[in-house]
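Participant: One structure, pasted below without further comment.
The values are calculated or read from the model by the stated rules, or taken from the named source; none is laboratory data. Values in this document were obtained by computation on a predicted structure and should not be read as measured data. As a convention, Cβ positions derive from the backbone with ideal geometry for all residues, glycine included, and neighbour counts pool all protein chains shown. Calculation scope for accessible area: heavy atoms of the full protein, side chains included, ligands and nucleic acids excluded. Shrake-Rupley method; radii C 1.70, N 1.55, O 1.52, S 1.80 Å.
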Amino acid sequence: MSTILHEPTDTAGAHLELLRSMLEETFAVHTARLTELTEYGRLPDHGGYEPHTLELLTMSHRQHVADAAQALRRMAEGTYGICEGCQHRIPVGRLHTAPHATLCAPCQPQPF
Ligand SMILES: [Zn+2]
């Protein structure tokens, strides 16, 4: 019978690694998109976009980049996954849906 070693059942750590790669990917994807949109903005026809649409898209991607960057910073600081409202842990399921979440569901103001 094999001895089951008492492995560090660091599920939080495993989740954190996955979430970190998700955030890094989000950061990279939106940064690339921002670069693209910035280039479109310099074109005479704005790459076929309405200038207003281009502006909204740029703002949206910039927000995603900022959210991901801030989440990665919180990971580095060790405050990632702690609700800023009630200071409790944000459930891992919620973080998988929204890796940049700073609030747990009950503390999150409803959009509507
Ligand atoms: Zn909370």
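Participant: Suppose every Lys and Arg Cβ carries +1 and every Asp and Glu Cβ carries -1, with no other charges. What dipole size does the chain come out with about its Cα centre, to the nearest 20 debye?
Facilitator: Value, rounded to 20: 280 debye.
Participant: Now for a separate question. Output ³J(HN,Hα) for the range 74-81: one whole-Hz value per residue in order, computed from phi by the Karplus curve 6.51 cos²θ - 1.76 cosθ + 1.60 with θ = phi - 60°, and x for Gly and Pro.
Facilitator: Per residue, the Karplus-derived 3J(HN,Hα) values read 5, 4, 5, 7, x, 9, 5, x Hz.
Participant: Run the simple label-point estimate for Arg89 and Ala76 please: 7 Å along Cα→C-beta, distance reported in nm.
Facilitator: Once both label points are built, they end up 2.5 nm from each other.
Participant: Taking the 0 to 90 degree range and rounding to the nearest ten, how far is the long axis of helix 11-42 tilted relative to the main principal axis of the chain, both from C-alpha atoms?
Facilitator: Roughly 10 degrees, rounded to the nearest 10.
Participant: Return the long-range amide H neighbours of Ile82 (sequence gap of 5 or more, or a different chain), with a cut-off of under 5 Å between placed amide H atoms.
Facilitator: When sequence neighbours closer than 5 places are left aside, the close amide H contacts are Ile90.
Participant: Can you show me the helix-derived [θ] at 222 nm for the chain, built from DSSP H runs with n ≥ 4 at -39,500 (n - 2.57) apiece and divided by the number of residues, rounded to the nearest 500. Write down the numbers at each step before the final one.
Facilitator: Details: 3 runs with 65 residues, N = 112.
Dividing the helical sum by the residues of the chain leaves -20000 deg cm²/dmol.
Participant: Could you tell me the largest-minus-smallest coordinate of the C-alpha atoms of the range 15-104 on each of the three principal axes, in descending order and whole angstroms?
Facilitator: Sorted from largest, the Cα extents of the range 15-104 read 50, 23, 21 Å.
Participant: In the chain, what cysteines have no partner Cβ closer than 4.7 Å?
Facilitator: Singleton cysteines: Cys86, Cys107.
Participant: Using a 1.4 angstrom probe, figure out how much accessible area the chain has per residue, in square angstrom, rounded to the nearest whole. Each step should come with its number before you reach the end.
Facilitator: On the way: 8020 Å² over 112 residues.
Each residue of the chain exposes 72 Å² on average to a 1.4 Å probe.
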